[in-house]
Amino acid sequence: MERVGYAPYIEKIQSADNAALLIKNNDILGVSGFTKAGDSKAVLPMVAERALYEDLKVTVLSGASLGYDTDANLAKNGALHKRMPFQADATLRKHINNHDVLYVDQHLGQTADMLQNIDTFKIDVAIIEAVSITKEGYIVPTTSVGNSPIFTDKADKIIIEINTSFPESFLGLHDIKILKKQPNRDIIPVLKSDTRIGAPFITIDPNKVVAIVYTHKPDAPAVISDPDEKTTAISNHILEFLGKEVDEGRLTESLLPLQAGIGKTANAILAGFATSRFKDLTMYSEVLQDSTFDLFDSGKLLFASASSITVTQACSDKIFKDFETYKSKLVLRPQNISNAAEVISRLGIIGINTAIEFDIYGNVNSTHITGTKMMNGIGGSGDFARNGYLSIFACPSMSKGGSISHIVPMVSHTDHTEHDVDVLVTEQGLADVRGLAPIERARLIINNCVHPDYRAQLSSYFEEAYRLGGQTPHILKEAFSWHTQLKTKGTMHINKYANCDV
């Protein structure tokens, strides 16, 4: 059969609904997929459908978020008991915050270690998307690797979805190595973004494979807005800062390998490099977005390493129509290698990630709205923030028509402490907080990053707290007053500070 190079698998070809019947109530599923890329597009949706008419609850582990409405349907149909380590679906988010689904938000570089170190955490069924199967029965993934290698290694049973919408020329794109269990693990010998250390396929035990399912459905396209005035300003501030680092001799115009999170702001920041002074750039990241391929086309980017490719429909049409043009410039790895602390530190990654809010001392909240409501998850931002050469966090200074300031006295939830943050930036400006004491940080952040509509209010809070003393001054009874004011009054503007001068 087409794309199946291992003859014993032929008799295991079946429909998605039949394959889904192999999944039992209370099973733990390890599924491929990383930010909409390379996910199960046939079997897992059928699991969600089964939950409509039978008692079926499963725990789902993935690389990151899934595409289309898979997470949404699993949640609203009552099929999900627990989900980890990341999600980005509005319906699932609602069910998590209503306590209908348990959610484990986890550093994306650490899921594989958890599965290896906790012997009792067994994967019952791995569902993995493939572009093809080798003559040995091994899996050639599609647009993501994610946690698929550890899932197939730990699983009792494996279901393979062969997606014929992707070109067979994907063979050779991937670099897959299963790391040894801790402790006494071997060094991960990635010395540059383009270093290869593994195989171009996922090595599995063919005896575990219980079903082969054919699909012909592309990844759910990313939806990314064009850069706007705010995101362009943020990008320009970062480019100016990096230019100064070059001028002062700390970096060259090739910089160091770049990492960027996903979404509108991150994509706009990377897009700015296309017309910058920088050249011969490389990336060592988690996800490759449209901006990555625009940088290739501009001649600015030489090579990119990641764990998935997540692009808009227009970009997908362009790159997969002529994939050989890009293939030699790309590698996709397991996320415990793309996000490995050891490699991030060795290569000196410049990490650029987004925040929901940050506070006057540089602590960052990237996951929770007003401290309690999960948005998406920490993803890989912590892996890069703590271990990279530079840790940059960006967000708009203000939103919702001025009712929300994204710089607050104290973050309502802390994902990245001040110790892991080097640079903070909004469209207003940039604060390089390296080597600064908390009091110095606070004044710089207020002056450089806060929207003028909130600068007096935040300055007044800090100066009043400063008079009370302490290494990190706070007025505890007022530290979260901005968030409570937002919940009760619909705005973070507080009358107490209305007439204060900066």
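The values are calculated or read from the model by the stated rules, or taken from the named source; none is laboratory data. Worth saying up front: this structure is predicted, and the values here are computed from it rather than measured. FYI the Cβ positions are ideal-geometry reconstructions off the backbone, even for glycines, and counts take in every protein chain you see. Ligands, DNA and RNA are stripped out before the accessible areas are found, and what is left, the full protein with its side chains, is counted by its heavy atoms. Shrake-Rupley method; radii C 1.70, N 1.55, O 1.52, S 1.80 Å.
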Roll a 1.4 Å probe over the protein heavy atoms and report the accessible area of V104 in Å², nearest 10.
50
Any of K36/K82; K57/K489; K76/K122; K135/K217; K181/K208; K36/K487 with alpha carbons more than 30 Å apart? Name them for me.
K57/K489; K36/K487
Estimated D of the range 147-204 in µm² per second, where Rh is the Kirkwood radius over Cα pairs and Stokes-Einstein applies at 10 °C, 1.306 mPa s
117
Can you give me the long-range amide H partners of F34? Hydrogens built in the peptide plane at 1.01 Å from N, cutoff under 5 Å, separation of 5 or more residues or another chain.
D39, A64
For the range 403-488, what is Rg from Cα atoms divided by 2.2 N^0.38 Å, rounded to two decimals?
1.05
Send over the Kirkwood Rh of the range 205-275, from the inverse of the averaged 1/r over different Cα pairs, rounded to one decimal Å.
15.5
Given a 1.4 angstrom probe, what's the average accessible area per residue across the range 269-318, in square angstrom?
30
Expressed in angstrom, Rg and Dmax over the Cα atoms of the range 8-67 are 12.1, 34
Three principal axis extents, largest first, for the C-alpha atoms of the chain, in Å?
77, 52, 45
Take every Cα pair under 8 Å in the range 442-499 that's 6+ residues apart, average their separations, divide by the length, and report that relative contact order as a whole percent.
29
Residues with amide H under 5 Å of Y214's amide H, sequence separation 5 or more or different chain, H placed in the peptide plane at 1.01 Å from N; which?
Q14, I162
For each pair in K24/K177; K279/K327; K177/K327, compute the distance between the two Cα atoms and list the pairs where it is over 23 Å.
K24/K177
For D247, D175, D205, what's the largest-to-smallest order of accessible area, 1.4 Å probe?
D247, D205, D175
Straight-line reach only, C-alpha to C-alpha below 16 angstrom: list the aspartates and glutamates that K373 could link to, leaving out same-chain residues fewer than 8 apart.
D89, D100, D105, E357, D415
Tail weight of P(r) past 23 Å, computed on alpha-carbon pairs of the range 295-451, percent
47
Counting Lys and Arg as +1 and Asp and Glu as -1, each charge on the Cβ, what is the dipole of the chain about the Cα centre in debye, to the nearest 20?
540
